[in-house]
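Here is the structure we will look at.
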């Protein structure tokens, strides 16, 4: 048989099949690419949020014996290469070569105190370390003096007769050392308490590019750190000075010296898919360094190496997020695959139905089953294969790395389509001339089939139950979505599909009985036809149901994420806008804010961090009128307790402070507050976990001082930029709900999920429409025959249209209801296994059953499907055509 | 004196079987369709014998089982019980492979609907070549043209069915049925959709195939034009052969048709309904064996009373 001829004859149907194959293959190959790209963006974003020190691989080497001292730059170079040899290939791929990016080496001392100043006044609690950083030379600007040079020897130190022949190392310091530590060019410092060394400051520098990630590794040379000494009221100052190559030679074992080799990681080269391999690689490298420290070849117990990196941890955190995203997206992809496969199967059915007459004749004329199946499958293959290939090719236009899934899915899809075609053809033409007595209703399902369906339903429901009770595997490192999590919904969808198919005639019979009592013939006829529709109904149900279920589930997940994101944003800010400052906010600023257009109300508050008298506990103390604040946040997820009432300074306190009836605290003034009740938190206004004391706004006044405002809570429609301009205080921290929400929302994964759900919902809607139309076209000949007969009995065109719509409507509506129900049940089943917190900024505790979106979705899908039916019913059916169709079949 | 062994030999020496030498043999053929608990008995013990090279017509009312019989004979349907043999092949015990070979080389089939006989997108010649290709034979375009020539549609060879008249289509369909030189061709109302002139042409083509190629032809028809021109017409009623009409040409050239009732092997006979109605025969009749015939009388009133 000439296959080309068959394709040509059935070109319209073949084209439909080809288009469907193309779209399915394109969608299913392109979506994983898009996802992978979003994953990569997410991992880059996550790595970009932390400092280079965390993401890079830093190796420290501490000399164990004096022989191990590295005194020459070339030693570092050779060690750099030697240690790099142990980098696992996957890790090596993301490491940038020495000299580029943040890859560098150097030597530093730690904790070197300034013992004294030669020829200057001594200052306490100062530390100046030596840092030999060959890479720094090009990254600093000398603003005073010059770069340090060769070291020398100082025979005697005036006033310190015990010190003789000290090494004098020239160092350069960051310019702010003048102001912060009082060290200027020319200062000579005696460093170290035992075995002191002299440091002569030859120059002051500024950092050329403060944003250069190189400095994230070497922060100590870029600034002076002032910090309180633990257990003391005094502060200490720390910095490090740059020394020359010659200075390096003088860094001996008496200094706390350590050597650094930093293997800079190019964050853009880290791919999400490679994250598990990288984590393992880092572990391997750690062991390699351990072995090297243990006296491996080339390192006879000289240096103790240690790996410093947070890359593994960051990637581990990322994998936790990724796993949830992958589960969701696989779920979506699975739903889409099932639906597109169903539509493809329908189109194949249409094509084989169209070829049926020809192939039956050929079979009757002596073609073997194999010949018929071969010819039919060849036709399907000619339609499907090039289209699938084209779709796969087009998917390369979607930016993103290719994943195994993107290659496998189109292949599986195409093979399944061909297999389905072969199966259908084999069944249809197993016996020649099978079309005897097609007017009778099909036989009852065999017991075997009923048992099988029962088993599927049992497995589906059992799987869902197990998933709910068991939860999911918790080790994110094992990577990937939990397959069970993805399979259980598929099983559940299949079970729901079977139940719908088996049960839908029951309610229909009831309605039919009602319709039979009414005068119009059309509803009764239409419903009767609907109740009689057989086999052909299975595929549309199996398409519509998962399509709707996944869409509804998607809407619920999006809703839950959106809801929680909003809650998280409210909890971050505590009001539509919050202005906070350490010092008091001047009255005129308050007045300006109040006068801003859009601002409806402003609540003043005072906030401080105080020591609670009795116990040495610290607490955040807030003075705010809780009633006003409650009015301000009415309608948001935030809840505000009743204001404390009573004499003196009434206050609400957090749990730890509840036992005390009266608490003395020093806030602006010594005051005693009276414990009037418990408050757990005021999100946004205080940090969670902190002790909290909330008093009325006039609390400080009642305590004997005056009211005090350093926080404004603003209600109304006003953006952050406007507030910043209006407030005009550089040290004021301004947060708005809108910006907080945007911050939470604008992560690549959240975006990917939202986009994926939108694309999938649209695609599934389109597929559902196509499914209904194709299913109608398949039965068109039979329907036309029935309708033309009814037309001869006096059925009007309008009634015929209604009849067609009524015939398909019950199944669509009932399937939509089942799909909606399944979609609403899915979160209950999968919810416990899904950690959406990374998308929402908070733990997603519940899926709020917002019926609006799902119901709208279901209604829209039903409407679209019915519209398809209506369009089909309206499109040019003439009695004469119908009669001719009836005769020739 | 007959011995026991003589008796055994006599028993094992079976009499020549019913229609042993017939080209087409149906013996007590039963076909029941079963769907959703409803049984439709299409053939209820049909007997039929057709000799090689015969051209016969099968007539009967709608639903009498004609088409079922033809489907059984063409190997497209399998009988429920009985015996059906065509050209020595037992239609009940054939494997799927035998059945395919049977359809390819033993029978050819022509349906009533002209559109159903031919693939609409192939030319007449391609349609004739199709069965040869399906059977894996070397396609002989010459043979296809010869067949079309024989059936008088040589000029249709390059045309598609849509470009031919109904009669031409049916004649091409006969050529298709004859493509693999079958021993039997079966035609289900081949002239059912045609006007009388065209019917004449198509029937002529069938008769030519029968005469010139020696093919046994079985035609199911309602068309008196056809049924009155064949040697033998078999009538089917309620799934059984009920009557046979034999035609012979008298010495003066007139066609003499004699209608017979069919007597089956166990002696059952179907009386024509008109006869029964005319004499108000119901339920019981009285038979009387005469010297050269059997008389049939309606059960009289006296008899009813037990006289």
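Name the residues in the range B:117-126 that are within 9 Å of another protein chain (Cβ to nearest Cβ) and over 22 Å from residue B:70 (Cα atoms), would you?
First, pick out the residues of the range B:117-126 that are within 9 Å of another protein chain (Cβ to nearest Cβ): B:117-122, B:126.
Of everything in the range B:117-126, those that are within 9 Å of another protein chain (Cβ to nearest Cβ) and over 22 Å from residue B:70 (Cα atoms) turn out to be B:120, B:121, B:122, B:126.
How about the range B:103-116: which of its residues are assigned to a helix (DSSP H, G or I) and either buried (at least 24 other Cβ atoms within 10 Å of the Cβ) or more than 9 Å from every other protein chain (Cβ to nearest Cβ) (or both)?
Of everything in the range B:103-116, those that are assigned to a helix (DSSP H, G or I) and either buried (at least 24 other Cβ atoms within 10 Å of the Cβ) or more than 9 Å from every other protein chain (Cβ to nearest Cβ) (or both) turn out to be B:103, B:114.
Just for the range A:14-23: of the residues that are surrounded by 19 or more Cβ atoms within 10 Å (Cβ to Cβ) and more than 14 Å from chain B (Cβ to nearest Cβ), which one is modelled with the lowest pLDDT? Let's see the steps before the verdict.
Keep residues of the range A:14-23 that are surrounded by 19 or more Cβ atoms within 10 Å (Cβ to Cβ), which gives A:14, A:16-18, A:20-23.
Cutting the leftovers down to more than 14 Å from chain B (Cβ to nearest Cβ) gives us A:16-18, A:20-23.
Details: A:16: 88, A:17: 91, A:18: 93, A:20: 91, A:21: 92, A:22: 93, A:23: 91.
Checking each candidate, the answer is A:16.
Of everything in the range B:120-141, what is crowded, with 19+ Cβ neighbours inside 10 Å and in contact (Cβ under 8 Å) with a residue 40 or more places away in the chain? Give them in sequence order.
If the condition is that a residue be crowded, with 19+ Cβ neighbours inside 10 Å and in contact (Cβ under 8 Å) with a residue 40 or more places away in the chain, then B:124, B:127, B:128, B:129, B:130, B:131, B:132, B:135 are the ones that fit.
Check off (1) touching a strand residue (DSSP E or B) at 6+ places or on another chain (Cβ under 6 Å); (2) without any contact (Cβ under 8 Å) to a residue 12 or more places away in the chain; (3) within 24 Å of residue A:63 (Cβ to Cβ) for residue A:78 and give me the number that stays unchecked.
Looking at each condition in turn, residue A:78 falls short on (1).
Where residues in the range A:595-608 are in contact with a strand residue (DSSP E or B) (Cβ under 6 Å, 6 or more places away or on another chain) and surrounded by fewer than 16 Cβ atoms within 10 Å (Cβ to Cβ), which of them is farthest from residue A:634 (Cα to Cα)?
Once the filter is applied, the top-ranked residue is A:598.
Going by the structure shown, is residue A:194 touching a helix residue (DSSP H, G or I) at 6+ places or on another chain (Cβ under 6 Å) and farther than 22 Å from residue A:225 by Cβ? If you could, list the steps in order and put the result at the bottom.
Numbers: touching a helix residue (DSSP H, G or I) at 6+ places or on another chain (Cβ under 6 Å): no; farther than 22 Å from residue A:225 by Cβ: yes.
Judged against the criteria, residue A:194 is not a match.
Inside the range A:66-97, can you point out the residues that are part of a loop (DSSP other than H, G, I, E, B) and closer than 15 Å to residue A:134 by Cα?
Matches in the range A:66-97: A:70, A:71, A:72.
Is at least one residue of the range A:168-175 touching a strand residue (DSSP E or B) at 6+ places or on another chain (Cβ under 7 Å), surrounded by 15 or more Cβ atoms within 10 Å (Cβ to Cβ) and not in a strand (DSSP E or B)?
Yes, the range A:168-175 contains a residue that is touching a strand residue (DSSP E or B) at 6+ places or on another chain (Cβ under 7 Å), surrounded by 15 or more Cβ atoms within 10 Å (Cβ to Cβ) and not in a strand (DSSP E or B).
Can we say residue B:61 is touching a strand residue (DSSP E or B) at 6+ places or on another chain (Cβ under 9 Å) and at positive phi? Break it down into steps so the answer makes sense when it comes.
On the way: touching a strand residue (DSSP E or B) at 6+ places or on another chain (Cβ under 9 Å): yes; at positive phi: no.
When the stated conditions are applied, residue B:61 does not pass them.
One line per residue, one yes/no per condition, for (1) modelled with pLDDT of 85 or more; (2) surrounded by fewer than 21 Cβ atoms within 10 Å (Cβ to Cβ):
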site	(1), (2)
A:230	no, yes
A:241	yes, no
A:251	no, no
A:272	no, no
A:280	yes, yes
A:285	yes, no
A:290	no, yes
A:293	no, yes
A:296	no, yes
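Out of (1) part of a strand (DSSP E or B); (2) within 14 Å of chain A (Cβ to nearest Cβ); (3) at pLDDT 85 or above, what's the single condition that is false for residue B:79?
(1)
Please give the number of the condition residue A:634 fails out of (1) surrounded by 18 or more Cβ atoms within 10 Å (Cβ to Cβ); (2) in a loop (DSSP other than H, G, I, E, B).
(1)
Is it the case, given these coordinates, that residue A:378 is away from chain B (no Cβ under 14 Å) and modelled with pLDDT of 90 or more? So that I can check it myself, show each step before the final result.
Values: away from chain B (no Cβ under 14 Å): yes; modelled with pLDDT of 90 or more: yes.
So residue A:378 passes the test.
Working carefully through the options B:167, B:162, B:136, find the one that is more than 11 Å from chain A (Cβ to nearest Cβ) and either assigned to a loop (DSSP other than H, G, I, E, B) or out of contact with any helix residue (DSSP H, G or I) (no Cβ under 8 Å at 6 or more places or on another chain) (or both). Full working, then the answer.
On the way: B:167 fails: either assigned to a loop (DSSP other than H, G, I, E, B) or out of contact with any helix residue (DSSP H, G or I) (no Cβ under 8 Å at 6 or more places or on another chain) (or both); B:136 fails: more than 11 Å from chain A (Cβ to nearest Cβ).
Criteria check complete, one pass: B:162.
So, residue A:438, is that one modelled with pLDDT under 70 and either within 14 Å of another protein chain (Cβ to nearest Cβ) or exposed (fewer than 14 other Cβ atoms within 10 Å of the Cβ) (or both) or not? Talk me through it step by step, then tell me what you get.
Working: modelled with pLDDT under 70: yes; either within 14 Å of another protein chain (Cβ to nearest Cβ) or exposed (fewer than 14 other Cβ atoms within 10 Å of the Cβ) (or both): yes.
Yes: the conditions hold for residue A:438.
Look at residue A:683 and say whether it is over 25 Å from residue A:633 (Cα atoms), touching a residue at least 60 places away in the same chain (Cβ under 8 Å), under 31 Å from the mean Cα position of the chain (by Cα) and surrounded by fewer than 22 Cβ atoms within 10 Å (Cβ to Cβ).
Spelling it out, it is not the case that residue A:683 is over 25 Å from residue A:633 (Cα atoms), touching a residue at least 60 places away in the same chain (Cβ under 8 Å), under 31 Å from the mean Cα position of the chain (by Cα) and surrounded by fewer than 22 Cβ atoms within 10 Å (Cβ to Cβ).
Please work out which one of (1) at pLDDT below 80; (2) in contact with a strand residue (DSSP E or B) (Cβ under 8 Å, 6 or more places away or on another chain); (3) under 21 Å from residue A:586 (Cβ atoms) is the condition residue A:669 fails and give its number.
Among (1) at pLDDT below 80; (2) in contact with a strand residue (DSSP E or B) (Cβ under 8 Å, 6 or more places away or on another chain); (3) under 21 Å from residue A:586 (Cβ atoms), the lone unmet condition for residue A:669 is (2).
State yes or no: is residue B:73 within 30 Å of residue B:164 (Cα to Cα) and within 9 Å of another protein chain (Cβ to nearest Cβ)?
Details: within 30 Å of residue B:164 (Cα to Cα): yes; within 9 Å of another protein chain (Cβ to nearest Cβ): no.
In short, no.
Just one of the numbered conditions (1) under 21 Å from residue B:22 (Cα atoms); (2) within 14 Å of chain A (Cβ to nearest Cβ) is not true of residue B:233; which one?
Condition (2) is where residue B:233 drops out.
Check every one of the strands (runs of 3 or more DSSP E) wholly within the range B:178-276 and list those with 3 or more residues that are surrounded by 23 or more Cβ atoms within 10 Å (Cβ to Cβ).
Answer list for the range B:178-276: B:184-188, B:216-220, B:232-237.
For the condition in a strand (DSSP E or B), over 19 Å from residue B:245 (Cα atoms) and either more than 12 Å from chain A (Cβ to nearest Cβ) or touching a residue at least 12 places away in the same chain (Cβ under 8 Å) (or both), what is the one hit in B:92, B:46, B:29?
B:29
Check off (1) surrounded by fewer than 22 Cβ atoms within 10 Å (Cβ to Cβ); (2) touching a strand residue (DSSP E or B) at 6+ places or on another chain (Cβ under 6 Å); (3) under 24 Å from residue A:75 (Cβ atoms); (4) touching a residue at least 40 places away in the same chain (Cβ under 8 Å) for residue A:129 and give me the number that stays unchecked.
That leaves (1) as the condition not met.
Would the range A:24-32 turn up any residue that is surrounded by fewer than 21 Cβ atoms within 10 Å (Cβ to Cβ) and away from every other protein chain (no Cβ under 14 Å)?
For the range A:24-32, residues surrounded by fewer than 21 Cβ atoms within 10 Å (Cβ to Cβ) and away from every other protein chain (no Cβ under 14 Å): absent.
Quick check on the range A:878-888. Is at least one of its residues at pLDDT 50 or above, away from chain B (no Cβ under 14 Å) and surrounded by 13 or more Cβ atoms within 10 Å (Cβ to Cβ)?
First pass over the range A:878-888, keeping only residues at pLDDT 50 or above: none.
No, every residue in the range A:878-888 fails to be at pLDDT 50 or above, away from chain B (no Cβ under 14 Å) and surrounded by 13 or more Cβ atoms within 10 Å (Cβ to Cβ).
Can you go through A:359, A:389, A:301, A:369 and tell me which one is more than 14 Å from every other protein chain (Cβ to nearest Cβ) and modelled with pLDDT of 80 or more?
A:389
Within the range A:655-680, how many residues are closer than 18 Å to residue A:644 by Cα and surrounded by 22 or more Cβ atoms within 10 Å (Cβ to Cβ)?
Of the residues in the range A:655-680, 6 are closer than 18 Å to residue A:644 by Cα and surrounded by 22 or more Cβ atoms within 10 Å (Cβ to Cβ).
The values are calculated or read from the model by the stated rules, or taken from the named source; none is laboratory data. Nothing here was measured: the structure is a model prediction, and the numbers come from that model. Because the Cβ atoms are built from the backbone with ideal geometry, glycine has one as well, and the counts that use them run over all protein chains shown.
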